[in-house]
Amino acid sequence: MLRHAAALLAALLGACASAPMAPPAAVSDLAPTGKLRAVINYGNPILARKDAATGEPAGVSVDLARELAKRLGVEAELVTVTSAGKSVETLAGGRVDVGFFAIDPARAATTAYTGPYVQIEGAYLVKGDSPIRANEEVDRDGIRVAVGNKSAYDLYLARNLKKAKIERAPTSPAVVDYFLANRLDVAAGVKQQLEMDAKRIGGLRLLPGRFMVINQAMGMARGKDAGAKYLTAFVEEMKASGFVAEALARHKIEGASIAPPGGAP
């Protein structure tokens with residue numbers, strides 16, 4: 001019995017050694033209420049979804065939030081939203097402490113990003129009989145492009161499309177239905193979401209390749225240096241240790257690649 005107790009104690013000490021607790025200043029920055037409040041965006045199916053069996057949030061961003069809470073020694077409180085725009089607004093409003101965002105310069109003024117943990121492709125989708133055959137043919141006079149309001153694709157295309165007109169769906173998952181209902185020319189978004197919608201609806205096709213690569217990172221409000229430093233190091237460790245890769249495999253996610261090592265941009 002004493003031998004069993006000693007083995008258990010050694011295992012617990014080993015676990016603690018492999019995952020050291022965060023410094024008090026970082027805990028104060030990241031969990032000021034005594035909980036880690038993390039916003040989870042259901043609008044990106046690569047990162048998060050509602051589990052069909054339990055109704056609970058699931059996905060790589062959920063796993064990261066819970067692991068971070070564990071390192072901070074606090075409970076994780078997950079706040080779910082349906083779009084990237086709502087995710088950004090929830091953090092900006094102080095209702096959560098951390099979130100999962102596509103890195104974009106338009107958001108950097110208020111959000112302290114870590115380095116990216118995964119990279120995702122942005123793609124275009126058209127109707128099967130569309131004359132558009134390549135990404136380069138989208139930015140033309142008279143072309144109307146559907147995109148999720150305030151998503152990374154919206155921010156990117158607003159800067160880069162010079163002739164085509166952007167029309168905004170309420171959320172990224174609603175883009176294809178919005179594109180069809182409004183008889184638009186192109187739908188833009190997460191490649192995997194567009195592929196799923198094309199299979200669901202039929203008569204649609206993706207244009208070859210991608211128009212952008214989205215760097216997905218964790219983020220928090222600016223002005224909390226200890227928390228930001230710890231969060232950046234946490235994400236780098238989660239990549240290097242295989243945690244992110246294992247989470248993607250466990251949730252059967254394809255189309256997302258592990259981001260290379262690197263700190264906050």
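Listing for the model above:
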quantity	calculated
Residue satisfying condition, being in contact with a strand residue (DSSP E or B) (Cβ under 8 Å, 6 or more places away or on another chain), surrounded by 22 or more Cβ atoms within 10 Å (Cβ to Cβ) and in contact (Cβ under 8 Å) with a residue 60 or more places away in the chain, within set 209, 189	189
One residue from 217, 198 being surrounded by 13 or more Cβ atoms within 10 Å (Cβ to Cβ), in a strand (DSSP E or B) and not hydroxyl-bearing (Ser, Thr, Tyr)	217
Contacts under 6 angstrom Cβ, first residue in region 120-135 being within 13 Å of residue 188 (Cα to Cα), partner buried (at least 17 other Cβ atoms within 10 Å of the Cβ) and among the charged types (D, E, K, R), 6 or more apart	121/191; 123/191
Exclusive hit being outside the structural domain of residue 40 (by TED's automatic domain parsing), part of a strand (DSSP E or B), among the charged types (D, E, K, R) and over 21 Å from residue 50 (Cα atoms), set 205, 159, 183	205
Some residue of region 119-133 being part of a loop (DSSP other than H, G, I, E, B), modelled with pLDDT of 95 or more, small (Gly, Ala, Ser) and in the same structural domain as residue 172 (by TED's automatic domain parsing)	yes
Positions within region 161-176 being under 22 Å from the mean Cα position of the chain (by Cα) and at pLDDT 95 or above, in sequence order	168, 169, 175, 176
Only listed residue being among the acidic types (Asp, Glu) and more than 18 Å from residue 256 (Cα to Cα), chosen from 51, 63	51
Residues within region 220-231 that are in a loop (DSSP other than H, G, I, E, B) and small (Gly, Ala, Ser), tallied	1
Which listed residue, of 233, 221, 228, 256, is free of Cβ contacts under 8 Å to residues at least 24 places away in the same chain and more than 18 Å from residue 125 (Cβ to Cβ)	233
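The values are calculated or read from the model by the stated rules, or taken from the named source; none is laboratory data. Nothing here was measured: the structure is a model prediction, and the numbers come from that model. Virtual Cβ from ideal backbone geometry, glycine too; neighbours counted across all protein chains shown.
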